Amino acid sequence: MMKRQRRLTMLLTAGCLGVAAATVWLTHRSSADEPGITSDPAADARTIIHAKDGSEMIVIPATQFVRGTNESHPDLPDKPLGDKPLRPYEVLLTRADAAWRHADERPQRTVSLSSFAIDKYEVTNAQYRRFLDDVAANGDERYRHPDQPSDKDHTPRYWRQYNPLLAHANYRRIVPFHQYTFSDDDKPVVGVDWFDAYAYAKWAGKRLPTEAEWELAARGTDGRRWPWGNDWQWGLCNTGGEKKGLDVSATGREKDGYIYAAPVGSYPAGNSPFGCADMAGNVSEWCADWYQNDYYQRAPQHDPPGPATGDARVIRGGSSQRAANSVRCAKRAFYEPEFRNFTLGFRCAKDQ
Ligand SMILES: [Ca+2]
Ligand SMILES: [Ca+2]
């Protein structure tokens with residue numbers, strides 16, 4: 001009798017524990033599945049390996065984050081624009097003023113995003129080379145964007161063409177340039193336009209990140225200026241030198257050690273709250289979106305997809321040639337999709 005009672009008690013206890021465990025699991029699961037509920041997305045982020053191109057990717061759970069900027073240039077007196085939408089003439093003015101008052105980063109808003117994964121690192125030359133090998137063997141019909149120029153080749157500009165910058169006397173004087181400066185395996189691929197980035201991402205079974213996804217991955221949820229926080233520190237990312245002028249022999253010219261792009265992941269202490277590397281500087285990164293300077297004033301607050309059309313595509317993060325203000329996480333920039341430059345690369349994202 002006692003034995004049967006004891007067994008019954010044990011079964012009931014085990015059953016209760018089971019229900020409790022299932023409840024905890026379900027609660028956790030549902031909170032992770034719904035946008036805006038995850039309390040600490042950085043703690044819930046995890047790393048995966050994407051088989052096709054061997055990239056490390058960070059899976060970021062659905063969450064809310066602070067997007068955009070409310071402050072004026074940190075080095076200038078504050079000139080707040082207020083919460084009202086910009087009037088048409090003000091929008092025009094922002095084209096000239098955006099660089100110092102961050103008008104295209106306004107208004108600052110809380111935006112929610114569905115879960116996604118994003119590359120931990122900028123796409124490297126070694127990875128891009130495998131894409132080129134495939135395209136050389138099989139063509140790019142399966143990967144090319146419908147608007148891709150018909151005569152286009154995906155070879156990065158500086159892999160086979162002498163850097164035209166070096167024709168400039170100032171650069172020729174100072175730059176220890178050689179043919180591998182832009183093609184080392186562990187450096188980010190540069191000299192690629194938006195169509196190259198699009199095609200690589202599609203080849204890899206991924207896509208380009210939206211501008212909003214990129215910003216969340218760079219700054220986390222709290223609206224910080226740089227991936228590591230609100231205070232500028234030398235040596236946490238690769239930017240332009242802190243002294244004006246191009247003379248790299250000047251003392252302290254490059255505190256971060258690189259004139260052009262550094263190998264990806266060279267500044268782990270400057271990683272974002274999610275662990276993404278080189279979100280500030282190194283190379284600027286193509287995003288999926290068209291750029292419009294007043295888009296934040298009318299963008300949906302959940303999964304903003306970017307404007308439907310435009311003339312230029314968004315680039316983010318600033319580069320080895322930019323100053324601290326231009327490598328802020330909220331900084332928006334753009335180029336026409338055919339543009340190629342030694343400062344411009346990309347990383348990929350994918351749905352979860
Ligand atoms: Ca540098
Ligand atoms: Ca970067």
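A few notes on this one:
- Computed from the Cβ-Cβ distance with R0 of 25 Å, the FRET efficiency linking residue 133 to residue 255 stands at 0.10.
- Radius 14 Å from Cβ of residue 42, net charge of other residues (Lys, Arg +1; Asp, Glu -1): +1
- As a rough guide to protection, the peptides 228-234, 205-211, 118-124, 309-315 ranked by mean Cβ packing within 10 Å, highest first, stand as 118-124, 205-211, 309-315, 228-234.
- The phi torsions of region 133-138, fed into the Karplus equation with coefficients 6.51, -1.76 and 1.60 and a -60° offset, translate into couplings of 4, 5, 5, 4, 7, 10 Hz, rounded to whole numbers, with Gly and Pro shown as x.
- Length released on extending from residue 150 to residue 222, taking residue separation times 0.36 nm less the Cα-Cα span: 21.6 nm
- Burial ranking of peptide ranges 280-288, 219-227 (average Cβ count within 10 Å, highest at the top): 280-288, 219-227
- Stretching the chain fully between residue 233 and residue 185 yields a gain of 14.5 nm (0.36 nm per residue, less the alpha carbon separation).
- Within the shell defined by Cβ-Cβ distances under 12 Å, the residues around residue 337 carry a net charge of -4, with Lys and Arg each +1 and Asp and Glu each -1.
- Coupling constants for region 221-230 follow from the phi torsions by the Karplus curve (6.51 cos²θ - 1.76 cosθ + 1.60, θ = phi - 60°), and in residue order they are 9, 9, x, 5, 6, 10, x, 8, x, 9 Hz; glycine and proline get x.
- Pairs with C-alpha atoms separated by more than 31 Å, drawn from the list 206/255; 152/350; 52/187; 187/331; 255/350, are 206/255; 255/350.
A short reminder: the numbers here are calculations on the coordinates, not readings from a lab. None of these values were measured; they are calculated from a predicted model. Neighbour counts run over all protein chains shown; Cβ positions are idealised from the backbone, glycine included.
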